[in-house]
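I have placed the structure first, in the form of structure tokens, so that the comments after it can refer back to it.
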Amino acid sequence: MVTVPTEPPYDQFHETAEAVAAARPEVDLEIVREIFDEAAVLVRDGLVLDGLDDHDAHAVVAGLCDDLVTGDAGAAIRARAQAVLTEPGDLHDPEGASVAYLVAVGVFRL
């Protein structure tokens, strides 16, 4: 049995699943939870957040959650990886965050 991480920042995936189901009544909550639980496991097991501090890990997961609900998640995540290099906002390690996004694309096979 696979253990789904629930601690921060992985809890953001669960919150996103809940928000998606609330916003889209035609979506089955259990299926959305399974999808985002799998995303959390892939991020953890794929070491996507390795090397990031808690602040940046939280920001990367938030970005992934936003991008995974778009029409083309792969393109959205790749664009975000580029964007954080030119406009890092409050990221402590924009280069590390960019790499994390690109690793996520590979881990998610997007």
Q: Scan region 30-49 and report the pairs whose first residue is closer than 12 Å to Tyr10 by Cβ and whose second residue is acidic (Asp, Glu) and surrounded by 15 or more Cβ atoms within 10 Å (Cβ to Cβ), with Cβ atoms within less than 8 Å and a gap of 6+ or a chain change.
A: none
Q.
Checking the conditions here, which among Gly96, Gly74, Gly46 is surrounded by fewer than 18 Cβ atoms within 10 Å (Cβ to Cβ) and over 21 Å from Val4 (Cβ atoms)?
A. Gly74
Q: May I ask you to verify whether Leu52 is assigned to a loop (DSSP other than H, G, I, E, B) and buried (at least 18 other Cβ atoms within 10 Å of the Cβ)?
A: yes
Q: Residues being under 26 Å from Ala21 (Cα atoms) and of a type in the set (S, T, N, Q): count how many of those fall in region 51-87.
A: 1
Q. Name the residues in region 1-23 that are at pLDDT below 90, surrounded by 12 or more Cβ atoms within 10 Å (Cβ to Cβ) and of a type in the set (Val, Ile, Thr), would you?
A. Val4
**Q.** Candidates Ala59, Ala79, Ala17, Ala75, filtered to the one that is hydrophobic (A, V, I, L, M, F, W, C), within 21 Å of Ser98 (Cβ to Cβ) and under 12 Å from the mean Cα position of the chain (by Cα)
**A.** Ala59
Q) Given (1) out of contact with any Cys (no Cβ under 8 Å at 6 or more places or on another chain); (2) assigned to a helix (DSSP H, G or I), where does Leu47 come up short, assuming only one miss? A) (2)
Q) How about region 4-23: which of its residues are in contact with an Asp or Glu (Cβ under 9 Å, 6 or more places away or on another chain) and part of a helix (DSSP H, G or I)? A) Phe13, His14, Thr16, Ala17, Ala21
Q) In region 61-98, which residues are outside any helix (DSSP H, G or I), of a type outside the set (D, E, K, R) and within 20 Å of Phe13 (Cβ to Cβ)? A) Val69, Thr70, Gly71, Leu91
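Identify, from the list Glu38, Glu26, Glu30, the residue that is surrounded by fewer than 20 Cβ atoms within 10 Å (Cβ to Cβ) and assigned to a loop (DSSP other than H, G, I, E, B). Reasoning before the result, please.
Numbers: Glu38 fails: assigned to a loop (DSSP other than H, G, I, E, B); Glu30 fails: assigned to a loop (DSSP other than H, G, I, E, B).
Just a single option satisfies the conditions, and that option is Glu26.
The values are calculated or read from the model by the stated rules, or taken from the named source; none is laboratory data. Everything numeric in this text was worked out from a predicted model, so none of it was measured. Reconstructed Cβ throughout: ideal geometry from the backbone, glycine too, with neighbour counts over all protein chains shown.
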